[in-house]
1. How far apart, in nm, are two points set 7 Å out from the Cα along the Cα-to-Cβ line at residue 142 and at residue 73?
2. May I ask you to derive the relative contact order of the chain, considering only C-alpha pairs under 8 Å and at least 6 residues apart, and to give it as an integer percent?
3. At what distance in nm do the modelled label points of residue 293 and residue 406 sit from each other, each positioned 7 Å from its Cα along Cα→Cβ?
4. Among 178, 58, which comes first, then next, by fewest other beta-carbon atoms within 10 Å?
5. Relative to the longest principal axis of the chain, what angle (0 to 90°, nearest 10) does the C-alpha long axis of helix 207-225 take?
6. Within region 352-378, what residues put their amide N at less than 16 Å from the label point 7 Å along the Cα-to-Cβ vector of residue 17?
7. With an 8 Å cut-off on Cα pairs and a minimum separation of 6 or more residues, tell me the relative contact order of region 102-272 in percent.
8. Starting from 0.36 nm per residue, how many nanometres of slack lie between residue 226 and residue 107 once their C-alpha separation is accounted for?
C-alpha cells in the first residue's frame with residue numbers, strides 16, 4: 001500500500017510522519033489512510049454499476065470517520081447488529097442502503113431496523129424468518145428479505161473465518177433452501193427479494209467463490225421453477241488481502257468473473273460485502289518498544305501494544321508484517337529470531353513470532369495490515385485502555401477516537417453501598 005512508505009528513512013502515512021503522530025497522540029496508536037480507504041472502495045465500486053452494489057462490512061472497522069468517508073462516496077453497508085445500524089446512521093449513511101446480516105437478531109433489533117427503513121434483512125434461519133414476520137406484521141410493516149443459504153463450499157481459509165460449510169452456524173442448508181423460500185413467500189409481512197451466501201473470509205483464490213456462485217445460480221433456477229422470483233444475488237465478502245506473500249485475485253478480475261456468470265441472468269443484480277479488502281491495508285498499528293529481552297534460543301521485543309489491542313495474531317495465528325518505523329534506528333538485537341510480545345499476562349500475547357527484526361528500547365514499530373479487525377476486536381483485558389485512532393488525509397491528521405482513560409473503564413461500574 002503506497003500510502004504507507006518510507007521518506008528519508010522514516011515511515012509516513014501519506015504525508016504524515018509516523019514518529020510525529022506517535023509523539024502527539026501516544027502509543028499504541030491506530031493510523032488510517034483516507035486515500036487508501038477511498039482507493040480500495042473505488043476499486044470495487046467502479047466495477048459494480050447500478051443495480052449491482054457493494055455493501056461495506058462494518059464489522060471490519062466501524063470507526064465513525066471510516067464510515068463517514070465511505071458514506072460520502074455513496075457506499076451501502078452490511079451490518080450485523082442494531083448497534084452497527086445506529087453507527088452507520090450516526091456517520092451519515094442512509095438507512096435504505098443498509099443490509100442487516102447476523103444469526104441472532106433480537107426482537108428489538110428487528111423492530112429498530114424496520115423503524116428506520118433499512119434496505120433488507122439477510123435471514124439466517126427459519127426461526128428468524130418467522131420472528132421477522134411477527135415483528136413486521138405487528139407493526140403493519142413489510143420487511144424485505146433475502147435468505148442466506150449455506151452452499152457447503154470449502155473456502156480454504158482459517159476454520160474460525162470459514163462460514164460456508166454445513167458445520168458452520170451460518171445460513172440455511174442448501175437442501176432446505178427451497179422449502180424456506182416457499183415459507184417466506186407465504187408468511188405475512190415479508191417480501192422476498194434476494195438470496196445470499198458468504199463462504200468465509202481472507203480467501204485468496206477465485207475457485208471457491210465461483211463454485212459457490214454456480215450452486216447459488218442453480219438454486220435461483222429452482223426457485224424460478226417454483227414461481228419465486230429473485231431480484232439479486234448477494235455473494236457476501238471474503239476477498240483476501242496481502243499480509244505476507246498472499247496473492248489474492250485482483251478486484252476487477254474477481255468482480256468480472258462473477259458478472260460473467262450473470263450473463264444469462266439479466267434479472268439479477270450482484271451484491272458484494274467487502275470489509276477487509278477495503279480497510280485492512282489502509283491501517284497500521286504503531287507501538288513502542290518497552291524492553292529488549294535476549295535469551296539463548298530467541299530474543300523478545302516487548303512492546304506497549306498487546307493482544308487486547310490487536311487480537312488477530314493470537315486468535316487466528318495471523319501474520320502481520322512488522323517493521324521499525326525508522327530504518328536507521330540504532331538497534332540492540334543479536335540477530336536471532338525474535339518474538340514481538342505485549343504486556344498482557346498471557347503466553348498467547350504476541351504480535352509476531354520468529355521474526356528477523358532490528359529493534360531497541362524506545363523504537364517505534366509499525367504493524368501493517370491492521371485496519372481490519374484491529375481496533376474493532378480490541379478489549380480492556382488487564383484493565384488496559386484502548387488505543388487512540390487517527391486518520392490522515394494528505395498532510396493533515398485527525399484524531400477520530402481519543403484514547404480511553406481509566407475513568408472511562410469503570411464509569412458504569414458501582415461499588416457496593418454497604419459492607420457485605
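1. With each label point 7 Å from Cα toward Cβ, the separation is 3.3 nm.
2. 19
3. Label at residue 293, label at residue 406, 2.3 nm between them.
4. Ranking 178, 58 by Cβ neighbours within 10 Å, fewest first, gives 178, 58.
5. Helix 207-225 sits roughly 20 degrees off the main axis of the chain.
6. It comes to 363-365, nothing else.
7. 20
8. In short, 39.8 nm is gained.
FYI, it's all coordinate maths here, none of it is from the lab. As the structure is a computational prediction, the values presented were derived from the model and not from experiment. Please note: Cβ atoms are built from the backbone with ideal geometry, for glycine as well, and neighbour counts cover all protein chains shown.
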